[in-house]
Structures are given as structure tokens and as C-alpha cells.
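For reference, the structure is listed below as C-alpha cells.
The values are calculated or read from the model by the stated rules, or taken from the named source; none is laboratory data. These numbers come from a predicted model, not from an experiment. Please note: Cβ atoms are built from the backbone with ideal geometry, for glycine as well, and neighbour counts cover all protein chains shown.
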Amino acid sequence: VTLHHSLPVFTLAWPADAQVAGRNLLTLRVEHTMSPQRAGIGRDPRELGVGLRSIAVLEAGATWLPPRLRGGALVRNPPPPTATAAEGNQDAVVVTAPGDVVWWGHGYRLSEHVLRISPATAEVAFHALGTHGDTVPLASSRAVHEASAEHRDFVPTSATDLSDHTFLVARVEASSDAPVTLQLRRERLSRNRWSSAPPAVTQNLNVVVVILDAARPDRFGCYGGPRPTTPAIDTLANESRIYHNVFALVPYTLCSVPTMLTGLSFLDHEVVAPENRLADEATTLAETLSGAGYATAAFSSTPNNSRAKGFDQGYDVFHEDWSDGERRLPIDPHRLVSHAVAWLEQADEGRPFHLLVHMVPPHEPYQPGPEFDHFSDPGYSGAVDGDLPWNVAFNNAATTADEADRRHLVDLYDGNLLRADDATGRLLGALRSRTDWDRTVVLVTSDHGEALTEHGLIGHNAAVYDEMLRVPFILRIPGDTARTEDRRLGALTDLAPTLLSAAGFDVRSGDDARSLLDPDPGLPRVLILRTSHKHPTWGVRTDRHKLIHRGSAASELFDLEHDPRETDSVIDDHRLLAAALRQVMSDCRLREPLFRADDASNIDAEDRQMLEALGYVD
Ligand SMILES: [Zn+2]
């Protein structure tokens, strides 16, 4: 067994006496032992899944290359790779059924090398498929280079770069009555990573990030919510840029926070499970700012944003507010903010600072307390109490909710949001009272969204529907005097580049992370989404469509323009687009991560207890 892009490759020698002419049957049996105990956590909650991507039949001594083609294609006899200026040619030989379509994803260039088709009489068409399902012809096999009785070689009319996201994939369609063998050659292009350089002339702008955990923007007053849930944040919004379409890539804190800190997708930072720790080699926003002379401090109320995860990289001070060293403390956003304000009071106004505050509300439990329970009906007599057990029972269909229950749940969530807003208001008050307020950038955001019974779910973690991923993104930049709206598609990978850009750094956008201050929104984006580790569901989102891929269950495709609530899958009407989006997802899952997460499996018992209370651990 060898590993290729984290995937195990099993090589089986085929004994000479097993090679018989005609139809042969190969039986694969998968056996696996799962651990009954996992380091004191209890029974292993994972499910074993096995997928077979392809079978390659090779000549003795030949090198196998991943096909990156549609699942089920038989790949045989790939010729040895040839080095080029790009990351390397990748050849694959594909046998298609009559009228079949095969794919290869973006991030490639259709090579100028000869492509080979056999039989020589077969016709093949190459198209690029756009983000909205539109197709553009790339090359035709009629441009014959050389032909023999068995095959025909041809050269694409021009080398075609598929590295931008305008075109998702190339589509190769063979029209023939008999199977067609295609020898494809493509060059994988280098990925474009975002980067930043300190300003030539320092502007000494402070950078403040306030994370309200599990905050969904449509409940905020400034996003058009129906209630005064966010009076303090609404005041900030009056002099801010309001981004309407910024999404978490994953609906859980542990995995989303490192994306916010580094501008890396979970595919590249690999912090996806409790035992993972952000690699020291990854560069965080705080490290960049600290390197430019900033004083840095973080105040967190959740063990999912903690030193144990390696998220303290670059912070002079990293305050963990769930424990005083002796006892576990109750969640209190005001206590958290009071620590941050105390730090601000001693901070030198002549030196720029970076402050991050991560409070738990409006995250479960939705128990705002009498001071902030402004929206619920005192006469409500149902079972909804805002706490995790009832919500979990609802998610497991162990209980149901009537209209009054649903209303009460939202009422409690809104009260919890008001509580977070009030604490945010105290922090903003402390910032405004400083002489450097006119040099202070402020971002109010969340690490993910929250479902409030949509799609039969409460909370987050478990789905990639928009209600679990859309986040508020309210950016105050000194000098802005009025509110502005921005509806471009963005992601939490953009947080670090955007803030550095706002602070005057010279930021170059990359494929996955961009500055949202760039007046040019850039090429259409494709976001790769995933749920938490227990039962991963994957998704791909463009500005218009979302494909949701759930293992063995039927995939869904939503047209978000006409169906923003994601209720009616249109996959049967857009098979080509769905296949293309699935191919992009598959390509991303196969790529090498930029960083390997370190191991942090020794989480202490108290943190684990806290995580359990938040619903993160079985
Ligand atoms: Zn969270």
C-alpha cells in the first residue's frame, strides 16, 4: 500500500497463471478493525466508509497516476509522466462508453501535446463548462495531426488554460458506436496563494475582530432582521461596509476559526477534528500583525478557539475565559469583554494593536437570562428551553416542534443575540473612548451560521445549507462615514486578507482567499464546503448554485437565485453542471494540503467537559 494525495493505493500483482483471455472477475473484500476505545473518549463514534475510485491495469513496472476522472472510468496503461514547466503533465487513458462524457477539473491547462484517439474513426469534442452550466467549445478532434489504421493523433488548436474559475471543467464527449479510448494530457498549474507585505509607510491602524459564535445575519437589525436584537452593532453598521454573502466553509468552530486566522481552507490547514492542532508553520493574522510591531491579544470563551488548538500563534496575550484554573466558569460574554477592556486600558495608545474577542452567545444554550430575554412569550408552556438536550432530540426526530415551539426557539435565540450585542456594545464603547478610535478597524462576524429548524435541524455542525454557513461581516474602516452594501460572494478565508488590506498592508489575493476591499470582485468563485467530522457532507457553492454531496445519499443541486431556502433540488434538470461541480470538489479533495495539522489529542478533561456542554463531543 502506498499513499497518493492521502489516498491509499493498493497494488496487486497479477499472477501469470491468473491471466486468462476473456472476461475475468476480480473480487475485492474490505476488512477493517475499529477501535472500541479511543483515548478515554468512549466508543469510537465513526462509521467506516470505503470508496473505490478506480481500477488501473498497468504493464509491469509502470507508474500509476490518479485519474481525476469521473468515477467508474477504467484507466489503463498510463504512459510514464513527462516533466514540464508546469507542475507536471498528467496523462490518463480513458475508455468511454458510446456517447459518454469524461471530465477533468480546473487548475489545468489543456496541453499542446498531441492527444490520441482510437479507433481512428471516432469523433471527440472538447468543451469548457462555465459556472452557470454554459458550454464553450475548446477543441475538436478534426484537427488531425497524424493518423494510422488504429488511432488518430491531434493537437488542440491552442493551449487552453483552465486555471480560472470562469470555466469549471473541460468536458470531453465521444460520439461513437463503439468504446473510444482517449489518451489525455493536461498540465497541472501551480496554485495561487494569497500573500501580504507590510505597508511602506506605517499607518498604525488597530485591527479588532469580534466573533459572535453561531450568529446568523438575518436575525441582526442591520441585516433587515425584524427585531431590535443588535442595537449596538447596528450603530457600528451605520459607518461600515455590510457584506451580505460571506460564508463559512464549515459549520463548526474548531475548523472555521483556523480559516479565519490564516486565510486557508480546511483543505489546507487540516484542523478538522478535536485531536488536530494548527501547524506552527501556518502564518496567522496575529503573527503578521505582531511581526509589523502590533501588540496582540485574544480573548476567547470557547475551548474550540484555544491555545491547545495552536490558535494562540502570534498573540502576546491569549485569555481563555472558561476556567479560572480551578473551576469551570459559566459562559458570560460581559465577563469576557471586561477582560478585553482591561487589556485595552493598559494598551499604549501610541502603538497599534490587534484585539480578537470570541464570545459564545448566541450559540446554544439559547438562555439569555432575564436581562436579555426580551422577545419570548411569558405564556409559552411548551418544552423548548433553548438548551442542547431538547435541540438534539429535535435533530434526532425524537421530538417534534409546533409553531409555538419554533417561535419560542427563535425568541430565545434572539434574546441570546441581544446579550452578545450588549457585550459587544461595551467593547465598542471602550474603543470609542480611546484617542485612537479614528485609527481603528473593526470587524463583527461569526465563525458559522445556525439553523433554527430549517431543513429539520437546530444548531450547526451537520449540514452545509446556507443558514449554517452564512455569517455577518460588518467592517468598519476609519474614514467611512456612511453604510455601504456589498453582495459579492465571499468566504471566511477572506477575513485575514481583508483586514490586512484595511490596515494598509499590500495584499495580493489568491485562488481561495481575497481581499473584499478590492473593487474588482475577481473571477467567479467556487467554495468547497464540508460538515464536521462525524458524518461529513460535502458541498460546492458558486454565486448561483450549490451542489450537496452526502456519501451514498442522492446529491442535491440548488439554484440559489430562485430557491434561496434550498428546498427544491434541480439536479435532474442540470446533470452536466452537477457532474462538473462534483468534479471540482473531487479535485480539491485529492490535492495536497498546504499544511499538515499537528496532533493535540491530549485535551484536558475540563475542556472536554466544556465541549460536551456545547455539543461538540459525543
Ligand atoms: Zn462556533
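Points to keep in mind about this one:
- Flag for LEU409 being under 30 Å from the mean Cα position of the chain (by Cα), closer than 30 Å to PRO497 by Cα and surrounded by 21 or more Cβ atoms within 10 Å (Cβ to Cβ): no
- Spans of strands (runs of 3 or more DSSP E) in the range 460-521 with at least 1 residues among the basic types (Lys, Arg) and more than 16 Å from the ligand (Cβ to nearest atom): 470-476, 506-508
- In the range 227-235 there is at least one residue that is away from the ligand (no atom under 16 Å from the Cβ), closer than 24 Å to ALA463 by Cβ and at pLDDT 95 or above.
- Listed by first and then second residue, the pairs with beta-carbon distance under 9 Å, at least 6 apart or on different chains, first residue in the range 208-224 and more than 17 Å from ALA496 (Cα to Cα) and away from the ligand (no atom under 12 Å from the Cβ), second among the small types (Gly, Ala, Ser) and assigned to a helix (DSSP H, G or I), are PHE220/ALA237; GLY221/ALA237; CYS222/ALA237; TYR223/ALA237.
- Of all residues in the range 296-316, those that are over 15 Å from VAL209 (Cα atoms) have Cβ atoms under 6 Å from Cβ atoms of residues that are within 13 Å of the ligand (Cβ to nearest atom) and in a loop (DSSP other than H, G, I, E, B), 6 or more apart or on another chain, in THR302/VAL360.
- Qualifying residue in the range 304-315 (condition: more than 17 Å from PRO361 (Cβ to Cβ) and of a type in the set (A, V, I, L, M, F, W, C)): yes
- Evaluation of LEU469 against (1) surrounded by 21 or more Cβ atoms within 10 Å (Cβ to Cβ); (2) of a type in the set (A, V, I, L, M); (3) closer than 30 Å to ALA347 by Cα (one fails), failing number: (3)
- Note on the range 242-253: residues that are within 16 Å of the ligand (Cβ to nearest atom) and either among the hydrophobic types (A, V, I, L, M, F, W, C) or under 20 Å from ASN192 (Cβ atoms) (or both) total 5.
Per-residue answers, yes or no, for (1) within 16 Å of the ligand (Cβ to nearest atom); (2) without any contact (Cβ under 8 Å) to a residue 12 or more places away in the chain; (3) in a loop (DSSP other than H, G, I, E, B); (4) more than 27 Å from ALA298 (Cα to Cα):
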residue	(1), (2), (3), (4)
VAL337	no, no, no, no
GLY350	no, yes, yes, no
PRO361	yes, no, yes, no
SER376	no, no, yes, yes
TYR380	no, no, yes, yes
VAL384	no, no, yes, yes
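- Any hit, the range 280-296, residues being modelled with pLDDT of 95 or more, more than 16 Å from the ligand (Cβ to nearest atom) and farther than 30 Å from THR202 by Cβ: no
- Condition broken by ASP447, with the remaining ones in (1) closer than 25 Å to GLU349 by Cβ; (2) crowded, with 18+ Cβ neighbours inside 10 Å satisfied: (1)
- Members of the range 531-576 found to be assigned to a helix (DSSP H, G or I) and either hydrophobic (A, V, I, L, M, F, W, C) or under 14 Å from the mean Cα position of the chain (by Cα) (or both), listed by number: ILE571, LEU576
- Residue satisfying all of: in the range 442-459; in a loop (DSSP other than H, G, I, E, B) and within 16 Å of the ligand (Cβ to nearest atom); modelled with the lowest pLDDT among these: LEU457
- Residue identified as at pLDDT below 90 and touching an Asp or Glu at 6+ places or on another chain (Cβ under 8 Å) among HIS535, HIS545: HIS535
- If you filter the range 194-207 down to residues that are outside any loop (DSSP other than H, G, I, E, B) and polar (S, T, N, Q), you find that the one that is farthest from the ligand (Cβ to nearest atom) is SER195.
- The set of residues in the range 297-334 being among the hydroxyl-bearing types (Ser, Thr, Tyr) and over 26 Å from the mean Cα position of the chain (by Cα) consists of SER323 alone.
- Within the range 383-405, none of the residues are closer than 30 Å to THR435 by Cα and surrounded by 17 or more Cβ atoms within 10 Å (Cβ to Cβ).
- Residue tally, condition surrounded by 13 or more Cβ atoms within 10 Å (Cβ to Cβ), closer than 13 Å to ALA295 by Cα and modelled with pLDDT under 95, over the range 316-348: 1
- Test: GLU275 is more than 16 Å from the ligand (Cβ to nearest atom), acidic (Asp, Glu) and either crowded, with 24+ Cβ neighbours inside 10 Å or over 12 Å from the mean Cα position of the chain (by Cα) (or both): yes
- Take the conditions (1) within 16 Å of the ligand (Cβ to nearest atom); (2) among the polar types (S, T, N, Q); (3) surrounded by fewer than 24 Cβ atoms within 10 Å (Cβ to Cβ); SER256 misses just one of them, which is (3).
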